[in-house]
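Remarks on the structure that follows.
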Amino acid sequence: MKDDNKSPFRDAGTDRNASEQVPDTPQTRAPAYKLAFADEEFLCRDELRPVRLQLELLKPQLVMDERGIESTIVLFGGARIPEPAKKDTARTKTLADLSKYYEQARIFARMMTEKSMESYGREDVIVTGGGPGVMEAGNRGAMDAGGASIGLNIVLPHEQAPNEYVTPDLCFNFHYFAIRKMHFLMRAKAICVFPGGFGTLDETFEALTLIQTGRMQRVPVLLFGRKFWESIINWDALSEAGTISAEDLELFRFVETAEEAIEAIENWDGAGERRGEIPGR
């Protein structure tokens, strides 16, 4: 972590505090007088969007670097999937049946966090969207193991408080979906996807597209619940139509249990490689 006290210049925090102690005059009350970096109204202007994008990328990056986090295990999945003990509250029978994947996500996160603690919590750190359902299960499993986990929340029009199992100083809040997605994948050593809705599908296909096109190194992509995934997506039809290649179906694998997922991660062929050519083009 950088020690700002080594700089010969007066630091920004000191000037911000000093600027709040100036005499109350028409000039000091004017918006123009506020320090630009301490002026929330100014920072929220449309013209400052590039700056806000940069800040939102930089803040979590600095915090995770300071914590020494080098790699993560990503968990995507539905916010509406309940834990097994509460499956009777599910809105549909299908959601109630999918509660078994809450438990598998929790077990998987616990097992991966135990592995992470062998590297003092620097490798294989669980990261979720920080919300309920499968996300909660992931952070909860990490806490079961006594380790830390990351939550990447985003501001939504309805409720979206972080779940209580996210490590507090690794709990981030985003305005921009694009920057949030970058932080999901920037350190990803594996991507585990549980049943979910539009958000889960969006995140999954973006990751697969980046790997497919060689924009991202290949990492294990594991889809929990073959029956669910094959019921909502006809993967073979995409290949048969030629819109993807048969080799693209090898970019991911179906699993059912935490143990299967860990074995797949440990024995994944081609991890860390990047495609030079796209099959079928």
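The values are calculated or read from the model by the stated rules, or taken from the named source; none is laboratory data. Treat the numbers as computed from the prediction; the structure is a model and nothing was measured. Note that each Cβ is placed from the backbone with ideal geometry, even for glycine, and that neighbours are counted across all protein chains shown.
Starting from the range 6-23, keep only residues that are polar (S, T, N, Q), then list their pairs with residues that are assigned to a loop (DSSP other than H, G, I, E, B) whose Cβ atoms are within a distance under 6 Å, requiring at least 6 positions of separation or different chains.
Ser19/Leu35
When the range 81-110 is examined, which residues are found to be assigned to a helix (DSSP H, G or I), among the small types (Gly, Ala, Ser) and over 21 Å from Asp144 (Cα atoms)?
Matches in the range 81-110: Ala96 only.
Of the residues Glu103, Glu123, which single one is within 18 Å of Thr200 (Cβ to Cβ), surrounded by fewer than 22 Cβ atoms within 10 Å (Cβ to Cβ) and touching a residue at least 24 places away in the same chain (Cβ under 8 Å)?
Only one candidate qualifies: Glu103.
Please enumerate the residues belonging to the range 218-244 that are part of a loop (DSSP other than H, G, I, E, B) and buried (at least 16 other Cβ atoms within 10 Å of the Cβ).
Answer for the range 218-244, where residues must be part of a loop (DSSP other than H, G, I, E, B) and buried (at least 16 other Cβ atoms within 10 Å of the Cβ): Arg218, Val219, Pro220, Gly225, Ile244.
Kindly list the number of the only condition in (1) in a loop (DSSP other than H, G, I, E, B); (2) in contact with a Ser or Thr (Cβ under 9 Å, 6 or more places away or on another chain); (3) at negative phi that fails for Glu164.
Evaluating Glu164 over (1) in a loop (DSSP other than H, G, I, E, B); (2) in contact with a Ser or Thr (Cβ under 9 Å, 6 or more places away or on another chain); (3) at negative phi leaves (2) as the failure.
Identify, from the list Gly121, Gly78, the residue that is more than 15 Å from Cys192 (Cβ to Cβ) and in a loop (DSSP other than H, G, I, E, B).
It is Gly121.
Would you mind stating whether Glu56 is outside any loop (DSSP other than H, G, I, E, B) and within 25 Å of the chain's Cα centre (by Cα)?
yes
Does any residue in the range 39-55 that is touching a residue at least 40 places away in the same chain (Cβ under 8 Å) and outside the structural domain of His183 (by TED's automatic domain parsing) come within less than 9 Å, Cβ to Cβ, of a residue that is in a helix (DSSP H, G or I) and exposed (fewer than 13 other Cβ atoms within 10 Å of the Cβ) six or more places away or on a different chain, and which pairs are these?
Leu53/Ala178
Inspect the range 211-220 for any residue being farther than 25 Å from Glu56 by Cβ and in contact with a strand residue (DSSP E or B) (Cβ under 7 Å, 6 or more places away or on another chain) and give the result as yes or no.
So far as the range 211-220 goes, yes, one or more of its residues are farther than 25 Å from Glu56 by Cβ and in contact with a strand residue (DSSP E or B) (Cβ under 7 Å, 6 or more places away or on another chain).
Being modelled with pLDDT of 95 or more and under 18 Å from Asp169 (Cα atoms), is that true of even one residue in the range 103-114?
Yes, the conditions are met somewhere in the range 103-114.
Report yes if Ala85 is touching a strand residue (DSSP E or B) at 6+ places or on another chain (Cβ under 8 Å) and either at pLDDT 95 or above or on the phi > 0 side of the Ramachandran plot (or both), otherwise no.
In short, no.
Restricting attention to the range 201-217, which residues are in a helix (DSSP H, G or I), over 11 Å from Phe76 (Cβ atoms) and of a type in the set (Ser, Thr, Tyr)?
Of everything in the range 201-217, just one residue is in a helix (DSSP H, G or I), over 11 Å from Phe76 (Cβ atoms) and of a type in the set (Ser, Thr, Tyr), namely Thr209.
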